[in-house]
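The values are calculated or read from the model by the stated rules, or taken from the named source; none is laboratory data. It should be emphasised that the depicted structure is a prediction, and the values quoted were computed from it without experimental measurement. Reconstructed Cβ throughout: ideal geometry from the backbone, glycine too, with neighbour counts over all protein chains shown.
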Amino acid sequence: MKLFPARTAVVTACLLATACTGGTTESAGGDDGGGSTATLRYLIEQQEDASSQEALQEHIDADFTQESGIEVEVESLPLEVMRTVLQTQLRSGEGPDVFAWGSGPSFGGALAEAGLVRDLTSDYEEHGWEVYDFARERVTVDGKVYGLPGEAETIGLYYNKDVFAELGLEEPQSLDDVRAASEAVREAGMTPMAVGDKEGWEGGHLLSMALSSAVGSDGMEALVSGEQPWTSPEVVAALQLWKDFDAAGFLPESPTSVDYDTSTALFFSGDAAMIPTGSWLVAEIEDNADFEVGYIPFPAPDGPGIFAGGLGSGPYVSANTDDEDASLEFLDFLASPEHAQWTVENLATIPPREVDSDELEVSPLFGQVLEDTAELSASGDFGYNIDVLVSDAFNEAMYDGMQAVFTGQSTPEQVAATLEAAQS
Amino acid sequence: MTAPAPALAPPADPRRPGPPGRRSHLPAVTRRAQARLGVLLVLPLLVVMAVFLLFPMANAIYYVFVDFDGIDLTPPFVGLDNFSELFRDPKVWAAFKNNAIWIVLGTIGPLVLGLALALLLWNVERGSVVYKVVFFLPYVLPQVAVAVVWGWIYEPSRGWLNKVLDLVGLGAFTTGWLGNPDTALYAVLATAIWATLGFVFVILLSALRTVDTDLVDAARLDGANGAQRLRHIVLPQIMPVFLMITTITLLGGFSVFEYVFVMTGGGPAGATDVLGTYAYSSAFQLNRISYGTSLALVITLMAVPFAVWLNRLQRRIALDGPGA
Amino acid sequence: MNVTHARKRSLVGKHVLLVLLSLLMLFPVVLTVSTAFKTEQDVQVNPFGLFSSFSTENVVAAWTVGGFGDYVLNSFLLTVPSTLLVLAIATMGGYAFARLPFPGRDLAFYVVVVGLLVPFFTYMIPLYFQLRSMGMLDSLVGVNLVLASTQLSFGTFFMRAFFTDLPVELAQAARMDGASEWQIFTKVMLPLVTSGIGALAVFTFLQNWNNFLVPLLYMPGGEYRPLTTGLYLFLGGRSIDIGPLAAGTLITILPVVVLFVALQRQVTQGFLSGAVKG
């Protein structure tokens, strides 16, 4: 599951869904002929880019179906829709065999508790699936591993290297550097940071990255698990930080009126020198930015910060699938290094396992991102992207809260209090 | 578009004294044939309505007394808890306030503007068909599309509203519009008024055409000015239609949803949430089905008296004629 | 002389004002057209400048990759059957209430009234779960029926009004000629209310075509996603999609504009009669 489109359904048509009303698709479909295995249904979230899904289907057909003889039909639904129908589908026995879903208590965790997904602990052993430890932990409930982790995503700060060079600025190493850089950019007549919070979910990332760098991975763990209350001063400080940035003129006017599209447009057009968002932007950077881009963890008050990270959606096997063997074989494929490399090269996502990035055709920026992710997965020192780890009610409080901080409808203290209340 | 709602009771047929529909002088065999056909003809209607309207309504009553989360099919009974929570929820009152603003401004706005426009066009013959088409067009457009386009107009950095304000020297008034909690609701409301204006205008125009112009001229000759003519001659003649439109737009204010949903999603931070959007997000985003349904029922309870009143009005117009 | 001049000037003034207002009314449509037909480059840099470039690439993209071509078809698939259903059922019901005394007529009448008074919100949530358990979510049949059900009360009253306007003696005369009740309905009464049916058809078509909530809620799978839902979901797009979004918006409003301009008299008459008639 992509980390960012929590509330707004992320877009564009599902080529396959529209095709599946009538005709068969290029790959899966009704011509099942004599005695071969039935088609596996693989349900994923609707991709932002329709061609990604098509590419995925082709890749599966070419690299998996050819070899194994198992047909896989890739279907998709918007995130919001999947939320409502997934459980029913899984229960009814008419659901997908394999599906991609998020981890954490409001996603895979809930399904695991309801007994709707297969326990894969022994399958990991049998097939020798290798994934980053932290990733495996995220898909583990009560000591049992319930799914394969999805792609890793980090959130941090991008900056326009060309503009920085022009203004004689170095890569920021602390919040003070960020402030100084912002002031310089502002003096030069540009917008320092492209921040949009109209949809609301951006606020979750803003808080996550500022907070993660300030309290570190242990601190985030404490907050999310409930050991530390959300009314802690660090939380308030993180909220206050963005308010201060807004007041200092570092952000576009009225961030709550700026939508995500417009904020990225600001960055790509060179009107804004920095943009705090996630690793998913790398793919777009190649297409849209005609300047060099750097990507760093959002700095901490006293030094360079840590990336905040999370897992996207990974595959689970339905407990009610008709064809366990085929499903597991498919999962084996999805866990393979070949597939991981394919996702890197074609979807520009970060697989939850090590890949040899020297061999891959990626931009230098993305190569760097891959390396950074491998490092932080190994060290375990990274912050959290909060919105995949908490309940819907908490997310709503967080999204509304950040907006309220920007507009002045609430103070950071008040917002922190609502977060704590929503924690239950 | 909100559907205007026709009147309730069958108008009495003046040519047939006695309860309408009772043809007591027809032979029994005819009456039986009529009864049979009547039942046959009305059956599809009743079946569809029972299945898709009455049954879910009954379920709504059930939902509000339990705590249904959409998944567990045997939800626990909670009595009146949903309602007591509702009345104590500050977000509900905030949403209600937004509905109230919408109802008041969203009714006065189109009425005043629509009336002004209709009066303007009353004497204008040339091109009036074209004007009618142009003004009515926004009303028939899909609301979601209207919302999208007005979102562009309101965009602070690239949208036309701020650009125009800057151009005419009113740059001080530029703001985030949809992202600014002080202006957001009014911005969305302005879009709705823009769309509804044409509807009101066309109806009032046709009502005006039934006004007795001799009376108006007589009044002018007597020295009455425009405002006096309006108040004493014109308005009373179109009052039934006027009231009817008022009630229609008013009812629309209770069930407002689409514009807010698409343009702001209830934001920023719930500043533009109305009861409808709050009910939707409670039910479909937070899985608080029962709470959302309770909110929906409250909307209904508030709207129904107005709907009943509207029907009475329309019945009167149907009987007496629009110009009465 | 002076009076005429004054009148003329005020007339010109009125026209000026009306023209200005017309521009305001049309501006959003113009903006949509302008933004939809820009080149990819231009639309990213200057999305809202009017007609600064011309290209059909966004429209093509929206139609194909964006899926709007399918959405148009789906809108028809959802609107035409439901409208026909409404016409059939409401006409039958309207006649029954107007001219056919039958047992339980008053009760049936109040059922229809309830449909008129109660806003969609009241039952939209339970209806979702009901459709789910009936297996009718994501089905053309289900959603068409729901759409039809939202217009039936209005349609019934609408047609009833037309039938009650017809002279009583007609039925009697036909009866004396030996016609059965059914024949009276189909051969005598129906042909006389065709203008009403026409107006109702156009009105219902528009209402169902523009319906946003019903397909959004009850068509979650997206197989038969119509224009309204499609446009809304297109909004959350990640990349700088304004060109195709505008094209999609244009595609969404175009059928309505065409229909309205072609049939504007029926449309307005439909609204007028519906609003005023009993």
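Observations on the structure shown:
- Selection of the range B:225-242 for residues being among the aliphatic types (A, V, I, L, M) and either in contact with a strand residue (DSSP E or B) (Cβ under 9 Å, 6 or more places away or on another chain) or exposed (fewer than 13 other Cβ atoms within 10 Å of the Cβ) (or both) yields only B:Ala227.
- Enumeration of residues in the range B:141-181 that are part of a helix (DSSP H, G or I), within 20 Å of C:Val43 (Cβ to Cβ) and either within 25 Å of the chain's Cα centre (by Cα) or within 13 Å of chain A (Cβ to nearest Cβ) (or both): B:Ala145, B:Ala147, B:Val148, B:Val149, B:Trp150, B:Gly151, B:Trp152, B:Ile153, B:Tyr154, B:Leu161, B:Asn162
- Failed condition for B:Val47, given (1) closer than 30 Å to C:Phe129 by Cα; (2) β-branched (Val, Ile, Thr); (3) assigned to a helix (DSSP H, G or I); (4) modelled with pLDDT under 90: (4)
- Count of residues meeting criterion [among the polar types (S, T, N, Q) and modelled with pLDDT under 80] in the range B:1-44: 2
- Test: residue in the range A:93-112 that is farther than 23 Å from A:Val145 by Cβ, surrounded by fewer than 19 Cβ atoms within 10 Å (Cβ to Cβ), modelled with pLDDT under 80 and in the same structural domain as A:Val317 (by TED's automatic domain parsing): yes
- Residue match in the range C:186-194 (condition: surrounded by fewer than 16 Cβ atoms within 10 Å (Cβ to Cβ) and at the interface with chain B (Cβ under 9 Å from one of its Cβ atoms)): no
- Among the conditions (1) part of a helix (DSSP H, G or I); (2) buried (at least 21 other Cβ atoms within 10 Å of the Cβ); (3) more than 7 Å from every other protein chain (Cβ to nearest Cβ); (4) modelled with pLDDT of 80 or more, B:Phe306 misses just one, which is (2).
- Of the helices (runs of 4 or more DSSP H) lying entirely inside the range A:251-364, the ones with 3 or more residues being touching a Gly at 6+ places or on another chain (Cβ under 9 Å) and within 14 Å of another protein chain (Cβ to nearest Cβ) are found at A:260-268.
- Residue ranges of helices (runs of 4 or more DSSP H) in the range C:1-64 with at least 2 members within 30 Å of the chain's Cα centre (by Cα) and modelled with pLDDT of 80 or more: C:2-36, C:57-63
- Residue in the range A:291-308 that is within 20 Å of the chain's Cα centre (by Cα) and within 30 Å of A:Val117 (Cβ to Cβ) present: yes
The rows are residues; the columns are (1) modelled with pLDDT of 75 or more; (2) crowded, with 20+ Cβ neighbours inside 10 Å; (3) in contact with a Ser or Thr (Cβ under 7 Å, 6 or more places away or on another chain).
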{"residue": "A:Glu48", "(1), (2), (3)": "no, yes, yes"}
{"residue": "A:Asp61", "(1), (2), (3)": "yes, no, yes"}
{"residue": "A:Phe64", "(1), (2), (3)": "yes, yes, no"}
{"residue": "A:Glu71", "(1), (2), (3)": "yes, yes, yes"}
{"residue": "A:Val74", "(1), (2), (3)": "yes, yes, no"}
{"residue": "A:Leu86", "(1), (2), (3)": "yes, yes, no"}
{"residue": "A:Gln89", "(1), (2), (3)": "yes, yes, no"}
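- Every residue from the range A:370-413 that is without any contact (Cβ under 8 Å) to a residue 12 or more places away in the chain and assigned to a helix (DSSP H, G or I): A:Glu375, A:Ser379, A:Ala404
- Scanning the range B:113-120 for residues that are within 31 Å of the chain's Cα centre (by Cα), under 27 Å from C:Asp165 (Cβ atoms) and either more than 7 Å from chain C (Cβ to nearest Cβ) or in a helix (DSSP H, G or I) (or both) turns up at least one hit.
- Exactly one residue out of C:Val72, C:Val65 is facing another protein chain (nearest Cβ under 7 Å) and touching a residue at least 24 places away in the same chain (Cβ under 8 Å): that is C:Val65.
- In the range C:100-155, residue nearest to the other protein chains (Cβ to nearest Cβ) [restricted to those that are farther than 20 Å from C:Asn211 by Cα and crowded, with 24+ Cβ neighbours inside 10 Å]: C:Leu100
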